[in-house]
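Bear in mind these aren't lab numbers, they're just calculated from the coordinates by the rules spelled out. Please read all numbers here as calculations on a predicted model, not as lab measurements. Using ideal geometry, Cβ is built from the backbone for each residue, glycine included, and neighbour counts are taken over all protein chains shown.
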Amino acid sequence: ESEFSTLAQSVHPSATLAVSKKAKAMTAAGEDVINLGIGEPDFKTPEPIAQAAIAAIETGKTSFYTPVSGTLSLRQGIVDLAKKLTGQELSVNQVVVTTGAKMALYAMVQALVNPGDFVVSAKPYWVSYAEQVNMAGADFIAVGDEKQGKLRVADLDALDRKPKLIMVNNPTNPSGILYSKEEILGLLNWAEEQDVFIMIDEIYGRLVYNGATFTSAMKLKTLSGSKVIVVDGVSKSYSMTGWRIGWALADESVIANMSKLLGHMTSGPTAAAQAAAEAAVTESQEVVEGMRKTFEERLNATYALIEKIDGLNLAAKPEGAFYFFIKVDQDVLDRMNLSSTLEFADKLLEAEKVALPAGEGFGMPGYLRLSYAQDQATLNEALKRIERFIK
Ligand code: PLP
């Protein structure tokens, strides 16, 4: 019998981190591994953002705890950015800054969900949604049209009991799919009519491509007085994954309850990282556009390469985030005598030294996730190796 809690035993390690760990170990052993496994932009954090953290350290702004929900100036910066991007006026009491968006999601689930409740999301999903809900003792149910990867009003209508919380990711990890304005509005209206909480994770909202339009939930609903929660952060838009700053925006009552829990979990995020995030959200937003354009070029070039490989298929061309969610033909698995995409990913890493997490980690076997947060030459080489592996 294990001496560890049932909780610790029931949580699965992150599938994306597992592949990445094996890839890193192989790299450390001197092997030429291409890691397309992880969701971090490959750009250096822009200089003015890093300098703001250095200034905070040098002027002694790091020797005290910040407010649990984040410094007033960062929360004001987030409020101003939300106004600029969506037109919605928020108060600083509708913002809680957290140790990455992941912590915002965790605190939100803990603040809203009871054991025995159920939480609904779309398939495929970002794996931490499922694990965080499990950690709250609730049931995580992923529904929807697998090909599309979107949650639909019809899926919600078909539920046999009322969810406590709906979790939506727009655009999506792992499939890069973007919801239309009408689709998001439909989900928000359903939640409002049924009086249930709905969270929209907009962390990839500024990374959309080829003229596609992202519609923030904040353009459609007033957060104050509603059960809508918007989650976002600096990780993906500003290439700041290591700084660990994210946030939730919601009605003051939701934010107050999340902050109460965070007071015992973190005492607020790192002060210097908050200073950097403040520079990110308040200074010129051109850095976001520069990285977005680079991702767009890679998406287009890499999409053409994937399309050419026999045995790999994409349901649609991704419109956002920086991932392809690729279907591996059953024929390929059969011919190669592989029992699953999990095994495919493992053998691919061993044989061709390309690391890709399998769809199993996102609730959808039969797929691989490929992150294009890598330079084009590396992506080209990776696809050459994948093609060779299949042949
Ligand atoms: N939400 C989604 C869909 C993600 O893919 C990620 C990161 O991979 C996050 C949230 C969390 O990002 P962070 O904790 O770095 O802010």
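Based solely on C-alpha atoms, express the radius of gyration and the Dmax of the range 126-232 in angstrom.
13.4, 41
Most exposed first by the Cβ proxy, i.e. fewest other Cβ within 10 Å, how do 356, 349 rank?
Least to most surrounded, the residues fall as 349, 356.
Is there a quick way to get the dipole size of the range 174-214? I mean about its Cα centre, with the Cβ of Lys and Arg at +1 and of Asp and Glu at -1; what is the value in debye to the nearest 20?
About 300 debye.
Between 137, 349, 38, whose Cα lies farthest towards the positive end of the dipole of the chain when Lys and Arg beta carbons carry +1 and Asp and Glu beta carbons carry -1, centred on the Cα centre?
Checking the options against the dipole of the chain, the answer is 38.
Just list whichever of 236/260; 308/391; 102/221 have alpha carbons separated by over 20 Å in the model shown.
Working: 236/260 27 Å; 308/391 13 Å; 102/221 23 Å.
Over 20 Å Cα-Cα: 236/260; 102/221.
With a sphere of radius 14 Å drawn around the Cβ of residue 346, what net charge do the other residues whose Cβ falls strictly inside it have (Lys, Arg +1; Asp, Glu -1)?
Summing Lys and Arg as +1 and Asp and Glu as -1 gives 0.
Report the net charge of residues surrounding residue 223, where surrounding means a beta-carbon distance below 13 angstrom and charges are Lys +1, Arg +1, Asp -1, Glu -1.
Combined, the nearby Lys, Arg, Asp and Glu give -2.
Mind giving me the nanometre distance, one decimal, between the label points for residue 181 and residue 2, set 7 Å out from Cα along Cα→Cβ?
According to this spin-label approximation, the distance is 4.8 nm.
Need one word for the range 283-391: rounded, prolate or oblate. Basis is the Cα gyration tensor (sqrt eigenvalues a ≥ b ≥ c); a/c below 1.5 gives rounded, then a/b vs b/c decides.
On the way: a/c = 2.16, a/b = 1.92, b/c = 1.12.
Prolate, because a/c is 1.5 or more and a/b exceeds b/c.
Taking N as the number of residues in the chain, what value does Rg over Cα atoms divided by 2.2 N^0.38 Å take?
Working: Rg = 20.8 Å, N = 391, 2.2 N^0.38 = 21.3 Å.
My calculation over the Cα atoms of the chain gives 0.98.
Using a Förster radius of 22 Å, what is the FRET efficiency between residue 335 and residue 385 based on their Cβ-Cβ separation? Nearest 0.05, please.
Taking R0 as 22 Å, the efficiency between residue 335 and residue 385 is 0.75.
Using a Debye calculation, one point per C-alpha and no hydration shell, please list log10 I(q)/I(0) for the range 1-125 at q = 0.09, 0.12, 0.20 Å⁻¹ in order.
Rounded to two decimals, the profile gives -0.49, -0.86, -1.28.
Out of 273, 238, 91, whose Cα points farthest toward the positive end of the dipole of the range 47-283 (charges: +1 Lys, Arg; -1 Asp, Glu; placed on Cβ)?
Farthest towards the positive pole: 273.
If you average 1/r over every pair of different alpha-carbon atoms in the range 229-336 and take one over that average, what Kirkwood value in Å do you get?
About 17.4 Å for the range 229-336.
Kindly provide the helix-only [θ] at 222 nm of the chain, computed as the sum of -39,500 (n - 2.57) over DSSP H runs of four or more divided by all residues, to the nearest 500 deg cm²/dmol?
Result for the chain: -13500 deg cm²/dmol, rounded to the nearest 500.
Treating the beta-carbon of each Lys and Arg as +1 and of each Asp and Glu as -1, no other charges, what is the dipole magnitude of the range 47-283 about its Cα centre, to the nearest 20 debye?
240 debye
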